[in-house]
Amino acid sequence: MLACALSALAVNLFGVAGWVLGWDFVTSADPGNYPIAPSAAAVGTVLSISLLLGLLESPTRGTRIGSASLLVLALVILLSALSQGFIKIGFDLEALISPDDLTYEGVDLTHMSPVASVSYLAIAVAVAASSIGMLAGKRLLRRALSWVLFGVVCLSLAMLVGYAYDAPLLYGGSFRPIALGAALSVCLLGFAATQFFREQYPHKAFVGPSVRAMLLRTFVPLSVAIVLVDGWLFTMAIRSDVSPTIFAGLVALGSAAVVGMLVDMYSQRISRRIESAESARNGALSSLKLANKKLGILGSVTRHDLLNQLTVMSGWVEVAKDSCKDDATMRSLEKACAAVISTRSQIDFMAEYESLGSKEPEWLDLRHQVMDGSIGLNLSRVRLSVEVAGWEIYADRMLNKVFRNLVSNSFMHGGDVHAITVRADVSDGSLRIVYEDDGGGVPAADKERIFERGFGKHTGYGLYLSKEILSITGISISETGVPGKGARFEMTVPEGHHRKQLDGTMDEPRHD
C-alpha cells in the first residue's frame, strides 16, 4: 500500500510540474488523451502526502496534525470543484490554481472532471473518518466505506481500460472526461486507502500470510496489468496500420511467460511452506509420541505400585476382620474393604481408558466381538442369542469391552435377567445394533445420565467407557428400552463403516 501511495504521489507531482513548468506533452490534449487538470494534480498530491503520513508505523502528533490539515485542504478544493461542476455556485478555487482557460473540443482542461472530484472525495472522506477515530465501534460504517473504496478502484480501472482500448465511453464519453493521469491517481490512492480497511471484506481477502492472500495480491494486479497492456498494444497496432494479430500473439506469449514464471515461483514458495509445515508437524508428532510413551510408562509403573499397595491393604483388612469381635469396627472394616475394591476398579478403568484409541480402528467381526465380550461371565442361567452373523463394523479394537460392559450391566442392574439378545439390521443406510435383556430396565430419568462419567452404583465408568469406544469411529449409542420391561441399547453404525462379509471379501473403510 505504501508503494501505491508513493506511485500516486509521483504521478500527481509529474502533473503539477507539467503545469507549473509549461510542459506541452503534459498540458496538451489530443484525441483519446486529456491532461490531468491542475486542481486534480494538486488534490492528488495533497491526498498522497496525507496518506503517506497516515501509513507511518509510529506517527507523531505533528504528523497527525499535518495529515489532518492536508485532508482538510483537499476536502475544501474538492467541495469547491463539485459546487462549480454541478450547480455553478460558490467560489471557484480551481480558477485560482489555474487562471488560464484552456479548452479542447469544448472540454475545459483546467477544471477536474466531476467523476474525479467524486472519486477523490470518497477517498478523502474514508481516510479522514479512519484517521480521526470516527469508525471506532461502527462496523456498518466501516463496511460501507470499505465497499465505497472498492467501487472507486473498480471505476478507475474501468476508465483505464477505456483509455487502453480507446473506448471514450468508459472514461467520460460526451460528459466531461476524466484525464488518464487522474484515473491512474484515483486507482493508486484507492488501493493505498484500503490499508485503513484491511479487516473488512473484500480487502481482507488480500491481507495476511495465507496462500490465498498471497496469490490474490499477485495475480489480481497482474491480470489487470495484462489487460491494460494488451489494450494499449492493440490500440497502437490499429493506429499504426500494423496487423493486430501480431501484437495479440506477442502479448499472449509475453503474458504466458510472465504467468508461467510467477506460477513456478509461487509453487516453489508454497512447496517450501508445505514442507516446513510438514517438518514442524512431524517434529511435534514425534515429541507427542515420546511424551505419550513416558506418560504411559509412568502410568503403568504407578498403577502397578498402587495395585501392590492395595493388595497389601486388602490383606491387612482381611486379617483385621478375622480378629475383630466388635460389630461397629467390623462395619468400618467392611467399608474399607469396599473402598479398596472400588479403588482397584478405578485403576483398572484408568488402564483401559489409557489404551483407548491408541491404535488404528479395524474391520471387526461383530459376532466374535459379542462372544469375546461375554467370556468369563457367568451365563449359566442366561440365554444369550447373537443374531449378527456376517456383519463386520469398522471400530476400535476395544469393541468387545462394550458388549462386556453391557452384559455386566444387565447382571448388576437388571435384576432377574434370563435372556439377552443382540441383533443387527440396516436402516436408512446405517447399521443398527440392538442389545436388549428381559430385566427391570432403566428408569426414564436415568436414560441419558447412565452414559455420564461416574454415574451409577458401582464404578460408574462402564457405559461411559463404552460410549467413548464407539464414538472413535462415529458410532452412537442410546438407551431406548421401556422401564420395567428390560434394558434396550441401540448402537448406530454410520454408512461406510459396516459391511456384510461375502466369500471372505474385504472392502476398505470409507471415511466421510
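Structural remarks
- Long-range HN-HN contacts of residue 386 with modeled amide H, under 5 Å: 422
- For residue 415, the residues whose amide H sits under 5 Å from its own are 440, ignoring neighbours fewer than 5 places away on the same chain, with H placed 1.01 Å from N.
- Ascending count of other beta-carbon atoms within 10 Å, so fewest first, for 73, 288: 288, 73
- Residues whose amide H lies under 5 Å from that of residue 110, counting only those 5 or more places away or on a different chain, are 102; hydrogens are built 1.01 Å from N in the peptide plane.
- Estimated from the Cβ-Cβ distance and a Förster radius of 51 angstrom, the FRET efficiency linking residue 389 and residue 320 is about 0.45.
- Whole-number D in µm²/s for the range 271-311 (Stokes-Einstein; Kirkwood sum over Cα pairs; 10 °C, 1.306 mPa s): 129 µm²/s
- 17 Å Cα-Cα reach of residue 293 towards lysines, excluding residues that sit fewer than 8 places from it in its own chain: 359
- For a straight C-alpha distance cut-off of 24 angstrom, the lysines reachable from residue 447 (same-chain residues fewer than eight places away being disregarded) are 401, 457, 467, 485.
- Label-to-label distance for residue 273 and residue 23 is 4.0 nm, based on points extended 7 Å past Cα in the beta-carbon direction.
- Cα Rg, Dmax (largest Cα-Cα span) when computed across the range 293-354, Å: 14.6, 49
- The range 362-500: projected area of the alpha-carbon convex hull, averaged over directions, in nm²: 7.7 nm²
- Full-stretch length increase - residue 154, residue 344 - with 0.36 nm per residue and alpha-carbon distance subtracted: 61.1 nm
- Note on residue 225 and residue 286: their simple-model spin labels are 4.2 nm apart, each label 7 Å out from Cα toward Cβ.
- Taking the fewest neighbouring Cβ atoms within 10 Å as the starting point, the ordered list for 75, 53, 379 is 379, 75, 53.
- The length gained on full extension between residue 359 and residue 14, counted as 0.36 nm times the residue separation minus their Cα-Cα distance, comes to 117.2 nm.
- Where labels lie 7 Å past Cα in the beta-carbon direction, separation of residue 447 and residue 60 in nm: 7.5 nm
- Global geometry of the range 34-85, whether rounded, prolate or oblate, following the gyration tensor of its Cα atoms and the 1.5 cut on a/c: oblate
- Computed from backbone phi with θ = phi - 60° and the Karplus coefficients 6.51, -1.76 and 1.60, the 3J(HN,Hα) list for the range 413-429 is 10, x, x, 8, 9, 10, 9, 10, 10, 10, 9, 9, 8, 8, 9, 6, x Hz; x is used for glycine and proline.
No value in this document is a laboratory result; all are computed from the given coordinates. Given the structure is predicted, the values throughout are model-derived calculations rather than measurements. Reconstructed Cβ throughout: ideal geometry from the backbone, glycine too, with neighbour counts over all protein chains shown.
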